[in-house]
Amino acid sequence: MNWRAFQAIQKVTELGPRFLSYVDEGEGDPVILVHGIPTWGFLFRDLIESLTAKRRVLAPDLLGFGFSDKRDCFDRSIGRQTEALIAWMDKLRLDRADVVGHDIGGGIALRLAALHPARVGRLCVMNGVSYDAWPIELMLQFGHPENRRKMSAGEASTMLKRALKSGFAVAPEDEFLDGLLAPYGTETGKTSLIRNAAALNTNLTTEITHLLPQISAPTLILWGQEDSFQLAKFGKRLASDIPGAKFVPIEKAKHFVMIDQHEIVARELQAFLYI
(Lines give C-alpha, C1' and ligand atoms only; values in the text may rest on other atoms or scores of the structure.)
Protein backbone atom coordinates (compact mmCIF):
# COMPACT_ATOMS: atom_id res chain seq x y z
CA MET A 1 0.00 0.00 0.00
CA ASN A 2 1.46 3.37 -1.00
CA TRP A 3 1.03 6.48 1.10
CA ARG A 4 -1.88 7.80 -0.94
CA ALA A 5 -3.85 4.58 -0.46
CA PHE A 6 -3.00 4.66 3.24
CA GLN A 7 -4.15 8.25 3.60
CA ALA A 8 -7.37 7.38 1.76
CA ILE A 9 -8.44 4.95 4.52
CA GLN A 10 -7.80 7.43 7.32
CA LYS A 11 -10.68 8.76 9.39
CA VAL A 12 -10.86 12.15 11.10
CA THR A 13 -11.94 13.11 14.61
CA GLU A 14 -12.32 16.66 15.88
CA LEU A 15 -10.63 17.47 19.17
CA GLY A 16 -11.93 20.88 20.11
CA PRO A 17 -10.40 23.36 17.63
CA ARG A 18 -8.04 20.71 16.25
CA PHE A 19 -8.53 17.49 14.28
CA LEU A 20 -6.74 14.17 14.30
CA SER A 21 -6.45 11.70 11.40
CA TYR A 22 -6.09 7.99 12.04
CA VAL A 23 -6.37 4.51 10.59
CA ASP A 24 -8.80 2.11 12.28
CA GLU A 25 -8.63 -1.43 10.90
CA GLY A 26 -9.64 -4.90 12.11
CA GLU A 27 -11.81 -6.11 14.97
CA GLY A 28 -11.13 -7.22 18.51
CA ASP A 29 -9.41 -5.67 21.49
CA PRO A 30 -7.83 -2.34 20.51
CA VAL A 31 -4.11 -1.71 20.08
CA ILE A 32 -2.83 1.78 19.35
CA LEU A 33 0.38 2.36 17.36
CA VAL A 34 2.04 5.71 18.05
CA HIS A 35 4.67 7.02 15.60
CA GLY A 36 7.53 9.45 16.15
CA ILE A 37 9.22 12.36 14.38
CA PRO A 38 9.36 13.00 11.41
CA THR A 39 6.99 10.17 10.42
CA TRP A 40 3.24 9.52 10.63
CA GLY A 41 0.92 6.51 10.83
CA PHE A 42 2.14 5.28 7.43
CA LEU A 43 5.28 4.06 9.22
CA PHE A 44 3.23 1.15 10.58
CA ARG A 45 1.77 0.14 7.20
CA ASP A 46 3.09 -3.42 7.29
CA LEU A 47 2.73 -3.89 11.04
CA ILE A 48 -0.96 -2.99 10.88
CA GLU A 49 -1.51 -5.80 8.39
CA SER A 50 0.29 -8.23 10.71
CA LEU A 51 -1.89 -7.39 13.71
CA THR A 52 -5.40 -6.98 12.27
CA ALA A 53 -6.11 -10.70 12.01
CA LYS A 54 -7.32 -10.73 15.61
CA ARG A 55 -7.08 -7.15 16.83
CA ARG A 56 -8.56 -3.73 16.16
CA VAL A 57 -5.51 -1.67 15.21
CA LEU A 58 -5.53 2.11 15.40
CA ALA A 59 -2.70 4.29 14.11
CA PRO A 60 -3.20 8.01 14.74
CA ASP A 61 -1.21 10.84 13.23
CA LEU A 62 -0.08 12.98 16.16
CA LEU A 63 -1.17 16.61 16.14
CA GLY A 64 1.04 18.53 13.73
CA PHE A 65 2.08 15.33 11.96
CA GLY A 66 0.90 13.41 8.92
CA PHE A 67 -2.60 14.41 7.93
CA SER A 68 -3.71 15.63 11.34
CA ASP A 69 -4.05 19.36 12.00
CA LYS A 70 -0.89 21.15 10.88
CA ARG A 71 -2.01 24.75 11.37
CA ASP A 72 0.42 26.89 13.31
CA CYS A 73 0.47 28.15 16.89
CA PHE A 74 -0.32 25.27 19.21
CA ASP A 75 1.58 23.03 21.61
CA ARG A 76 3.03 19.88 20.00
CA SER A 77 5.00 18.58 23.01
CA ILE A 78 4.69 14.95 24.07
CA GLY A 79 2.81 16.18 27.12
CA ARG A 80 0.15 17.77 24.93
CA GLN A 81 0.20 14.80 22.54
CA THR A 82 -0.54 12.48 25.47
CA GLU A 83 -3.52 14.61 26.46
CA ALA A 84 -4.73 14.67 22.86
CA LEU A 85 -4.53 10.88 22.58
CA ILE A 86 -6.62 10.51 25.72
CA ALA A 87 -9.21 12.94 24.31
CA TRP A 88 -9.20 10.97 21.05
CA MET A 89 -9.66 7.69 22.93
CA ASP A 90 -12.58 9.26 24.77
CA LYS A 91 -14.13 10.31 21.45
CA LEU A 92 -13.86 6.73 20.21
CA ARG A 93 -15.10 5.38 23.56
CA LEU A 94 -11.87 3.48 24.14
CA ASP A 95 -11.55 3.22 27.90
CA ARG A 96 -8.43 1.07 27.64
CA ALA A 97 -6.09 -0.14 24.91
CA ASP A 98 -2.73 -1.80 24.41
CA VAL A 99 -0.22 0.84 23.32
CA VAL A 100 2.85 0.49 21.09
CA GLY A 101 5.12 3.51 20.73
CA HIS A 102 8.17 4.27 18.57
CA ASP A 103 10.58 7.21 18.88
CA ILE A 104 8.67 10.10 20.54
CA GLY A 105 5.65 7.81 20.37
CA GLY A 106 7.54 5.68 22.88
CA GLY A 107 7.81 8.67 25.20
CA ILE A 108 4.09 9.30 24.81
CA ALA A 109 3.33 5.63 25.53
CA LEU A 110 5.47 5.82 28.68
CA ARG A 111 3.63 8.94 29.84
CA LEU A 112 0.29 7.23 29.24
CA ALA A 113 1.32 4.18 31.25
CA ALA A 114 2.91 6.21 34.06
CA LEU A 115 0.33 9.00 34.42
CA HIS A 116 -2.86 7.31 33.19
CA PRO A 117 -2.40 3.62 34.05
CA ALA A 118 -6.09 2.79 33.73
CA ARG A 119 -5.94 3.61 30.00
CA VAL A 120 -3.11 1.18 29.10
CA GLY A 121 -3.55 -2.58 28.99
CA ARG A 122 -0.18 -3.76 27.66
CA LEU A 123 2.75 -1.50 26.78
CA CYS A 124 5.40 -1.88 24.08
CA VAL A 125 8.20 0.61 23.46
CA MET A 126 10.27 0.30 20.28
CA ASN A 127 13.44 2.42 20.16
CA GLY A 128 11.57 5.12 22.05
CA VAL A 129 12.70 8.34 23.68
CA SER A 130 13.27 8.24 27.43
CA TYR A 131 15.24 9.82 30.27
CA ASP A 132 17.59 12.50 28.85
CA ALA A 133 18.50 10.48 25.74
CA TRP A 134 16.84 12.94 23.37
CA PRO A 135 16.30 15.02 21.29
CA ILE A 136 19.09 14.27 18.85
CA GLU A 137 21.17 17.21 17.61
CA LEU A 138 19.69 17.11 14.10
CA MET A 139 16.17 17.67 15.41
CA LEU A 140 17.35 20.44 17.74
CA GLN A 141 18.90 22.23 14.77
CA PHE A 142 15.92 21.57 12.51
CA GLY A 143 13.54 23.02 15.10
CA HIS A 144 15.14 26.47 15.08
CA PRO A 145 12.36 28.94 14.14
CA GLU A 146 14.60 30.69 11.61
CA ASN A 147 14.50 27.56 9.43
CA ARG A 148 10.91 28.41 8.53
CA ARG A 149 12.22 31.42 6.61
CA LYS A 150 15.60 30.11 5.46
CA MET A 151 14.68 26.64 4.22
CA SER A 152 12.21 25.74 1.47
CA ALA A 153 9.89 22.74 1.77
CA GLY A 154 11.94 20.97 -0.91
CA GLU A 155 15.22 21.62 0.89
CA ALA A 156 13.75 20.39 4.17
CA SER A 157 12.48 17.18 2.56
CA THR A 158 15.87 16.50 0.94
CA MET A 159 17.70 16.96 4.25
CA LEU A 160 15.24 14.83 6.19
CA LYS A 161 15.28 12.04 3.60
CA ARG A 162 19.06 11.87 3.88
CA ALA A 163 18.78 11.71 7.68
CA LEU A 164 16.03 9.10 7.58
CA LYS A 165 18.16 6.79 5.47
CA SER A 166 20.74 6.66 8.25
CA GLY A 167 18.09 5.27 10.59
CA PHE A 168 17.65 2.05 8.62
CA ALA A 169 20.02 -0.90 8.54
CA VAL A 170 18.99 -1.43 4.93
CA ALA A 171 17.45 1.68 3.38
CA PRO A 172 13.94 1.00 2.04
CA GLU A 173 12.82 2.02 -1.41
CA ASP A 174 12.68 5.72 -2.16
CA GLU A 175 8.92 5.41 -2.64
CA PHE A 176 8.51 4.44 1.03
CA LEU A 177 10.82 7.21 2.27
CA ASP A 178 8.99 9.72 0.09
CA GLY A 179 5.73 8.47 1.60
CA LEU A 180 7.00 9.04 5.14
CA LEU A 181 7.79 12.66 4.24
CA ALA A 182 4.84 13.31 1.90
CA PRO A 183 2.73 15.27 4.44
CA TYR A 184 5.57 17.76 4.93
CA GLY A 185 6.24 18.64 1.29
CA THR A 186 4.28 21.89 1.40
CA GLU A 187 5.18 25.13 3.17
CA THR A 188 2.48 24.40 5.75
CA GLY A 189 3.83 20.90 6.28
CA LYS A 190 7.40 22.17 6.53
CA THR A 191 6.47 24.78 9.13
CA SER A 192 4.50 22.23 11.10
CA LEU A 193 7.41 19.81 11.22
CA ILE A 194 9.78 22.59 12.32
CA ARG A 195 7.35 23.43 15.12
CA ASN A 196 7.17 19.73 16.04
CA ALA A 197 10.96 19.61 16.31
CA ALA A 198 10.99 22.79 18.40
CA ALA A 199 8.58 21.12 20.85
CA LEU A 200 10.95 18.24 21.70
CA ASN A 201 11.57 18.54 25.43
CA THR A 202 13.65 16.10 27.45
CA ASN A 203 12.03 17.35 30.67
CA LEU A 204 8.85 15.53 29.71
CA THR A 205 10.58 12.16 29.99
CA THR A 206 12.90 12.95 32.88
CA GLU A 207 9.94 14.11 34.97
CA ILE A 208 8.36 10.63 34.88
CA THR A 209 11.57 8.71 35.64
CA HIS A 210 10.55 8.25 39.27
CA LEU A 211 7.19 6.85 38.11
CA LEU A 212 8.59 4.10 35.88
CA PRO A 213 8.85 1.58 38.77
CA GLN A 214 5.14 2.13 39.35
CA ILE A 215 4.05 1.14 35.84
CA SER A 216 1.76 -1.85 36.22
CA ALA A 217 1.12 -2.65 32.55
CA PRO A 218 2.90 -5.75 31.20
CA THR A 219 5.74 -4.23 29.20
CA LEU A 220 7.79 -5.28 26.18
CA ILE A 221 10.86 -3.32 25.09
CA LEU A 222 11.92 -4.02 21.48
CA TRP A 223 15.17 -2.35 20.42
CA GLY A 224 17.15 -2.27 17.21
CA GLN A 225 20.69 -2.81 18.42
CA GLU A 226 22.39 -0.64 15.77
CA ASP A 227 20.36 2.48 16.58
CA SER A 228 22.59 5.56 16.80
CA PHE A 229 19.62 7.87 17.56
CA GLN A 230 18.36 6.08 20.68
CA LEU A 231 21.04 3.83 22.12
CA ALA A 232 20.21 0.32 23.31
CA LYS A 233 21.44 1.10 26.82
CA PHE A 234 18.37 3.25 27.37
CA GLY A 235 16.07 0.41 26.35
CA LYS A 236 17.85 -1.84 28.83
CA ARG A 237 17.47 0.83 31.50
CA LEU A 238 13.73 1.01 30.84
CA ALA A 239 13.47 -2.76 31.18
CA SER A 240 15.32 -2.51 34.49
CA ASP A 241 13.16 0.33 35.85
CA ILE A 242 9.74 -1.02 34.80
CA PRO A 243 8.73 -4.04 36.92
CA GLY A 244 8.60 -7.28 34.95
CA ALA A 245 9.48 -5.61 31.64
CA LYS A 246 11.01 -7.84 28.96
CA PHE A 247 13.86 -6.47 26.85
CA VAL A 248 14.25 -8.03 23.40
CA PRO A 249 17.29 -6.92 21.39
CA ILE A 250 16.73 -6.97 17.64
CA GLU A 251 19.93 -7.59 15.73
CA LYS A 252 20.65 -6.07 12.30
CA ALA A 253 18.22 -3.26 12.98
CA LYS A 254 18.66 0.46 13.53
CA HIS A 255 16.12 3.03 14.71
CA PHE A 256 13.30 1.90 12.43
CA VAL A 257 13.27 -1.59 13.86
CA MET A 258 9.77 -2.42 12.58
CA ILE A 259 11.02 -1.94 9.01
CA ASP A 260 14.51 -3.41 9.29
CA GLN A 261 13.26 -6.60 10.93
CA HIS A 262 9.54 -6.59 10.26
CA GLU A 263 8.97 -10.33 10.61
CA ILE A 264 10.78 -10.55 13.96
CA VAL A 265 9.03 -7.47 15.36
CA ALA A 266 5.63 -8.69 14.15
CA ARG A 267 6.21 -12.10 15.71
CA GLU A 268 7.29 -10.61 19.05
CA LEU A 269 4.30 -8.28 19.11
CA GLN A 270 1.86 -11.02 18.15
CA ALA A 271 3.12 -13.20 21.01
CA PHE A 272 3.02 -10.28 23.45
CA LEU A 273 -0.50 -9.30 22.41
CA TYR A 274 -1.74 -12.91 22.29
CA ILE A 275 -2.50 -12.86 18.59
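What list of ³J(HN,Hα) values in whole Hz, one per residue of the range 70-85 in order, does the Karplus curve 6.51 cos²θ - 1.76 cosθ + 1.60 (θ = phi - 60°) give from phi, with Gly and Pro shown as x?
Using θ = phi - 60°, the values come out as 10, 5, 7, 6, 8, 6, 10, 5, 5, x, 5, 4, 4, 4, 5, 5 Hz.
Please list, in order along the range 130-135, the HN-Hα scalar couplings obtained from phi with the Karplus expression 6.51 cos²θ - 1.76 cosθ + 1.60 (θ = phi - 60°), rounded to whole Hz, x for Gly and Pro.
6, 6, 10, 7, 8, x
Treating the beta-carbon of each Lys and Arg as +1 and of each Asp and Glu as -1, no other charges, what is the dipole magnitude of the chain about its Cα centre, to the nearest 20 debye?
340 debye
Quick check: residue separation of residue 144 and residue 252 times 0.36 nm, minus the Cα distance between them. What number comes out in nm?
35.6 nm is the gain from fully extending residue 144 to residue 252.
Aspartates and glutamates within cross-link reach of residue 233: Cα-Cα under 13 Å, excluding same-chain residues under 8 positions apart?
132, 241
Excluding residue 76 itself, calculate the net charge of residues whose Cβ lies under 15 Å from the Cβ of residue 76, where each Lys or Arg counts +1 and each Asp or Glu counts -1.
Every neighbour counted, the sum reads +2.
Using a simple charge model, +1 on the beta-carbon of Lys and Arg, -1 on the beta-carbon of Asp and Glu, nothing else, what dipole does the range 117-161 show about its Cα centre, in debye to the nearest 20? Don't skip to the end; give the middle numbers.
Working: 6 positive and 4 negative charges, 51 e Å.
About 240 debye.
Need one word for the range 88-144: rounded, prolate or oblate. Basis is the Cα gyration tensor (sqrt eigenvalues a ≥ b ≥ c); a/c below 1.5 gives rounded, then a/b vs b/c decides. If you can, show how the numbers build up before the last one.
On the way: a/c = 2.92, a/b = 2.06, b/c = 1.42.
Here the range 88-144 falls in the prolate category.
Rounded, prolate or oblate: which fits the range 146-237, taking a ≥ b ≥ c as square roots of the Cα gyration tensor eigenvalues, rounded meaning a/c under 1.5, else prolate when a/b beats b/c?
Oblate, because a/c is 1.5 or more while a/b does not exceed b/c.
Give the peptides 221-231, 46-56, 122-132 in descending order of average Cβ contacts within 10 Å, highest first.
Packing order, densest peptide first, comes out as 122-132, 221-231, 46-56.
Could you work out how far apart the two model spin labels at residue 175 and residue 27 are, taking each label as a point 7 Å from the Cα in the direction of the beta carbon, and quote it in nm?
Calculated label separation equals 3.2 nm.
If you count only protein heavy atoms and use a 1.4 Å probe, how large is the accessible surface of residue 98, to the nearest 10 Å²?
We get 20 Å² for residue 98.
In a GNM of the chain with a 10 Å cut-off on Cα contacts, which of 65, 74, 42 has the highest mean-square fluctuation?
Per the Cα network of the chain with a 10 Å cutoff, 74 tops the list.
Convert each backbone phi in the range 98-113 into a coupling constant with the Karplus relation 6.51 cos²θ - 1.76 cosθ + 1.60 (shift: θ = phi - 60°), then list the ³J(HN,Hα) values in order as whole Hz, x for Gly and Pro.
6, 10, 10, x, 10, 6, 5, x, x, x, 5, 4, 5, 5, 4, 5
Where is the GNM fluctuation largest for the chain (alpha-carbon springs, 10 angstrom cutoff): 105, 36, 154?
154
Could you grab the relative contact order for the range 190-275? Cα pairs under 8 Å, six or more apart, rounded to a whole percent.
Dividing the mean separation by the residue count of the range 190-275 yields 26 percent.
Given H placed 1.01 Å from N in the peptide plane, which residues other than close sequence neighbours of residue 201 have an amide H under 5 Å from its amide H?
When sequence neighbours closer than 5 places are left aside, the close amide H contacts are 78.
Which net charge results for the neighbourhood of residue 257, defined as the other residues with beta-carbon distances under 11 angstrom from its beta-carbon, given Lys and Arg at +1 and Asp and Glu at -1?
Values: positive: 252, 254; negative: 103, 226, 227, 251, 260, 268.
Here the count lands on -4.
Can you classify the chain as rounded, prolate or oblate using the Cα gyration tensor, where a ≥ b ≥ c are the square roots of its eigenvalues, rounded means a/c under 1.5, and otherwise it's prolate if a/b beats b/c and oblate if not?
rounded
Say we join alpha carbon atoms closer than 10 Å with springs in a Gaussian network model of the chain; which of 262, 210, 102 then has the biggest fluctuation?
Among 262, 210, 102, the largest GNM mean-square fluctuation belongs to 210.
From the helices alone, meaning DSSP H stretches of at least four residues, give me the mean residue ellipticity at 222 nm for the chain, per-run term -39500 (n - 2.57), in deg cm²/dmol to the nearest 500.
Here the helix-only value at 222 nm equals -11000 deg cm²/dmol.
List the residues, sorted by chain then number, that are 5 or more residues from residue 247 or on another chain and whose placed amide H is less than 5 Å from its amide H.
221
Report the one residue of 169, 261, 115 whose Cα lies farthest in the direction of the positive end of the charge dipole of the chain (charges on C-beta: Lys and Arg +1, Asp and Glu -1; origin at the Cα centre).
Comparing the listed Cα positions along the dipole, 115 ranks first.
Normalised by the residues of the range 17-151, what does the relative contact order come to in percent, with Cα pairs under 8 Å and at least six apart?
Value for the range 17-151: 24 percent.
Take the cross-link list 11/254; 70/150; 54/91 and give me the ones stretching past 29 Å between alpha-carbons.
Where the Cα-Cα span goes over 29 Å, the pairs concerned are 11/254.
Could you work out the relative contact order of the chain? I mean the mean sequence separation of Cα pairs under 8 Å and 6+ apart, divided by the number of residues, in percent.
Contact order relative to length: 20 percent.
Which residues in the range 41-83 have a backbone N closer than 20 Å to a point placed 7 Å from the Cα of residue 270 along the Cα-to-Cβ line?
Residues 44-59 fall inside that zone.
For the range 198-275 and the range 106-135, what is the centre-to-centre distance using only Cα atoms, to the nearest Å?
9 Å
The values are calculated or read from the model by the stated rules, or taken from the named source; none is laboratory data. The structure displayed is predicted, hence computed values, not measured ones. We place every Cβ from the backbone using ideal geometry, glycine too, and count neighbours over all the protein chains shown. Ligands, DNA and RNA are stripped out before the accessible areas are found, and what is left, the full protein with its side chains, is counted by its heavy atoms. Shrake-Rupley method; radii C 1.70, N 1.55, O 1.52, S 1.80 Å.
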